[in-house]
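Input: a single structure, listed below in structure tokens.
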Amino acid sequence: MAEKGEVRRAGRPRNPLPRERMVAEARFQFANAGFVGASMNSIATACGIRKASLFHHFTSKEALYLEVLGGVVTELSQLINQASQGNEEFLARLDQLGVLVVRYFGAHPGCAALLMREIINQGPFMRGAGSQMVQMAMEMTAEFLRMGMNQGVIEEQDPLHLTMSIAGVHLLWFSADGVSETLAGGSVYSPPNIALREASVTSQIRHLCRVC
């Protein structure tokens, strides 16, 4: 520690901001302003640090954006894998996966809009390795659904088309949260509306799967 009157040398801050905190703030900024609209300066300001400090961790805005999107897709893929590898009966895992995805988007406002915008606009993430990550997540989901079909629990149908329909159920509600809030009569992120959404999604996915 510097003595009184001594000038502290430049370097690592005494209480460095965790990288996860920077990524979380960047995720919020990108979700609200998009890749072009968000700036490293606005993200740094929201984090309470200098822009130079942000560039110390991320070489560019695109590098930060790719890490944000990669984190979202990885976390969702982990939920899908958890359902696929579970020991419970298929329907219990199907319901649980739906609930967990709702809770994920409910706990990370803006993530659904960020992901949907990137997929539609084919931004930097989807033009690179992100495209394969998203495809793998969709294929994992399709394989999970195929498992239910093979067990005779859900009706035989095209698992990839079913996967896309289920993705729409999850993404649209939270990405169009302004419309959803009008319909729900309040924030879609409030605990009561999250609980209602969990029940609704569970029922909707069972109908889409045509549970036998």
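The values are calculated or read from the model by the stated rules, or taken from the named source; none is laboratory data. A quick note: this is a predicted structure, and the numbers were derived from the prediction, not measured. Cβ sites come from the backbone with ideal geometry, for glycine too, and all protein chains shown count toward neighbours.
Per-structure values
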item: Count of residues meeting criterion [modelled with pLDDT under 90, surrounded by 13 or more Cβ atoms within 10 Å (Cβ to Cβ) and not in a helix (DSSP H, G or I)] in the stretch 39-69; result: 2
item: Conditions (1) modelled with pLDDT under 95; (2) buried (at least 19 other Cβ atoms within 10 Å of the Cβ); number of the one not met by residue 106; result: (1)
item: Subset of the stretch 83-94 [crowded, with 19+ Cβ neighbours inside 10 Å and within 19 Å of residue 199 (Cβ to Cβ)]; result: 83, 93, 94
item: Subset of the stretch 184-198 [within 14 Å of residue 101 (Cβ to Cβ) and either out of contact with any Gly (no Cβ under 9 Å at 6 or more places or on another chain) or among the basic types (Lys, Arg) (or both)]; result: 197
item: Output for the stretch 25-38, where each listed residue is surrounded by 16 or more Cβ atoms within 10 Å (Cβ to Cβ) and not aromatic (Phe, Trp, Tyr); result: 25, 26, 27, 29, 31, 34, 38
item: Contacts under 7 angstrom Cβ, first residue in the stretch 137-158 being over 21 Å from residue 70 (Cα atoms) and of a type in the set (Gly, Ala, Ser), partner at pLDDT below 95 and surrounded by fewer than 17 Cβ atoms within 10 Å (Cβ to Cβ), 6 or more apart; result: 152/212
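Per-residue answers, yes or no, for (1) more than 26 Å from residue 151 (Cα to Cα); (2) polar (S, T, N, Q); (3) in contact with a Lys or Arg (Cβ under 6 Å, 6 or more places away or on another chain); (4) modelled with pLDDT of 95 or more:
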site: 78; (1), (2), (3), (4): no, yes, no, yes
site: 86; (1), (2), (3), (4): no, no, yes, no
site: 90; (1), (2), (3), (4): no, no, no, yes
site: 94; (1), (2), (3), (4): no, no, no, yes
site: 102; (1), (2), (3), (4): no, no, yes, yes
site: 114; (1), (2), (3), (4): yes, no, no, no
site: 118; (1), (2), (3), (4): yes, no, no, no
site: 122; (1), (2), (3), (4): yes, yes, no, no
